[in-house]
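Just below is one structure, and these are the notes that go with it.
What follows draws every value from the coordinates through simple rules; no lab data is involved. Bear in mind that the values here come from a model prediction, so they are computed numbers and not experimental data. Note that we place each Cβ from the backbone using ideal geometry, even for glycine, and neighbour counts take in every protein chain shown.
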Amino acid sequence: MTKKVLVLGEAREGSLRNVSFEAIAAAKTIANGGEVVAVLLGDAVASLAQEMIAYGADRVVTVEHPHLKQYTSDGYSQALMAVIEQENPEGIVFGHTALGKDLSPKIASKLKAGLVSDVTAIESNGDEHTFVRPIYSGKAFEKVQIKDGIHLASVRPNNITPLEKDDSRSGDVSAVSVDITNLRTIVKEVVRKSTDGVDLSEAKVVIAGGRGVKSEEGFEPLKQLADLLGGAVGASRGACDAEYCDYSLQIGQTGKVVTPDLYIAAGISGAIQHLAGMSNSKIIVAINKDPEANIFNVADYGIVGDLFEVVPLLIEEFKKI
Ligand code: FAD
């Protein structure tokens, strides 16, 4: 049986986040040949619709309202519920982002439907879908099936391969008018910490520093290496607690979860709480002067040495490429 599946597209500063395209690919699998309908919520999002179609959505439904300019769970859930009532889908896919983590359980409870969160893969056997998700801080994976009702899932960024972009695809774009009322929270102003470069949760390359980096200045070579490789800088909680960097860079159980193609851990011991946020990275390189450091147990490549010698050497070599 084919299904109609909605996908919530997520935009940041006027551009769609990659996880939106990964969610379309997941929705295609669940739809099993059925229709994939992208949903865009915001104050001016219609211009993003064609990109969702190019990545595989069959059509797009937008809800535009001044109260949707910034995310609030009240505003977004009212808008999304209006689209759900109109479309009556059999599945809804979210990105497992800060927004998706907040909104998806709210929608699931309103629909009294099951939600599989933090999905890293979907195994399909025709109409039967098995969702794979990490448990116990990434030490094991469980496989979950939703047996009845709407299939709700949130997909972890960087795990599901998006479809090839095809700008020649076309699809209908329609607007739903929703009166967003009774908001308990209205965002008056967003003050962002300036973050240069690539978004850590979606970065293909992450260069992370730990307490071994020793100071704020010690992060400079890591930033240089990240810039050179088009990546983002991350950190252990040890480095954040020591005030070498901002907590927004923290990776781990109580920080961000990242799954880049390349993760370089410099001066990080590899505590279990740190591994929870990075152990599913595709290739892990560890630089640590202690050969017994636990990080080497998850690393594909280990360099036993002083990061202040090794990182400049890596920068020198990568500059030659
Ligand atoms: P350390 O353990 O001090 O390791 C520093 C490493 O640097 C050592 O291995 C040392 O050999 C190496 N080193 C020193 N100098 C050099 C050098 N010059 N060159 C190369 N190597 C060098 N941690 C997280 O990271 N993320 C989390 O989300 C997180 N959540 C937590 C939640 C809870 C409830 C708790 C209790 C803890 C949590 N922690 C988390 C903390 C975690 O247990 C560790 O304390 C922390 O990860 C250690 O950070 P670190 O590896 O940078 O520091």
Under the 7 Å Cα-to-Cβ spin-label approximation, Ala175 and Glu243 lie apart by a distance in nanometres of 5.0 nm
The Cα extents of segment 235-296 along the principal axes, largest first and rounded to whole Å, are 26, 24, 17
Going residue by residue through segment 82-89, the Karplus relation 6.51 cos²θ - 1.76 cosθ + 1.60 with θ = phi - 60° gives ³J(HN,Hα) values, rounded to whole Hz and with x marking Gly or Pro, of 5, 5, 4, 4, 6, 8, 6, x
In segment 207-313, what trypsin sites (Lys or Arg not before Pro) fall in a loop by DSSP, with at most 15 other Cβ atoms inside 10 Å?
Lys282, Lys289
To the nearest 500 deg cm²/dmol, what mean residue ellipticity at 222 nm is calculated for the chain from DSSP H runs of n ≥ 4 alone, each contributing -39,500 (n - 2.57), summed and divided by the residues?
-8000 deg cm²/dmol
Over the chain, calculate the relative contact order: mean separation of alpha carbon pairs under 8 Å at least 6 apart, over the residue count, as a percent.
15 percent
With the chain treated as a Gaussian network of Cα nodes joined by springs under 10 Å, which of Gln145, Gln86, Gln78 yields the largest mean-square fluctuation?
Gln86
Check cross-link reach from Lys289 to the lysines: straight Cα distance under 23 Å, and skip same-chain residues fewer than eight apart.
Lys214, Lys223
When every alpha-carbon pair in the chain is counted, what percent end up more than 23 Å apart?
59 percent
Rg over Rh [alpha-carbon atoms, Kirkwood Rh] for segment 1-64
0.96
Once you list every other residue whose beta carbon is under 13 Å from the beta carbon of Pro105, what net charge do they have if Lys and Arg are +1 and Asp and Glu are -1?
+2
Spatially proximal aspartates and glutamates relative to Lys101 (Cα-Cα < 15 Å; intrachain offsets below 8 disregarded)
Glu10, Asp74, Asp118
Values of log10 I(q)/I(0), in the order q = 0.18 Å⁻¹, for segment 95-187 under a Debye, Cα-only, solvent-free model
-1.05
What is segment 205-311 by shape, rounded, prolate or oblate, if you read a ≥ b ≥ c off the alpha carbon gyration tensor as root eigenvalues and call it rounded for a/c under 1.5, prolate for a/b larger than b/c, and oblate otherwise?
rounded
GluC sites (Glu not before Pro) within segment 172-247: which are DSSP loop residues with at most 14 other Cβ atoms inside 10 Å?
Glu189, Glu216, Glu243
Whose amide H sits under 5 Å from the amide H of Ala265, counting only residues 5 or more places off or on another chain, with H placed in the peptide plane?
Ala208, Val285, Ala286, Ile287
Using modelled backbone amide H atoms (1.01 Å from N, in-plane), which distant-in-sequence or interchain residues come within less than 5 Å of Gly114's amide H?
Ile150, Leu152
Could you pull out every one of the lysines with an alpha carbon less than 22 Å from that of Lys165, ignoring same-chain neighbours closer than 8 positions?
Lys4, Lys28, Lys204
Only Lys, Arg (+1) and Asp, Glu (-1) charged, at Cβ; segment 174-249 dipole about Cα centre in debye:
200 debye
With +1 assigned to the C-beta of every Lys and Arg and -1 to the C-beta of every Asp and Glu, and no other charges, what is the dipole magnitude of the chain about the Cα centre in debye, to the nearest 20?
580 debye
Give me the extension gain from Thr2 to Asp167: residue separation times 0.36 nm, minus the current Cα-Cα distance, reported in nm with one decimal.
56.9 nm
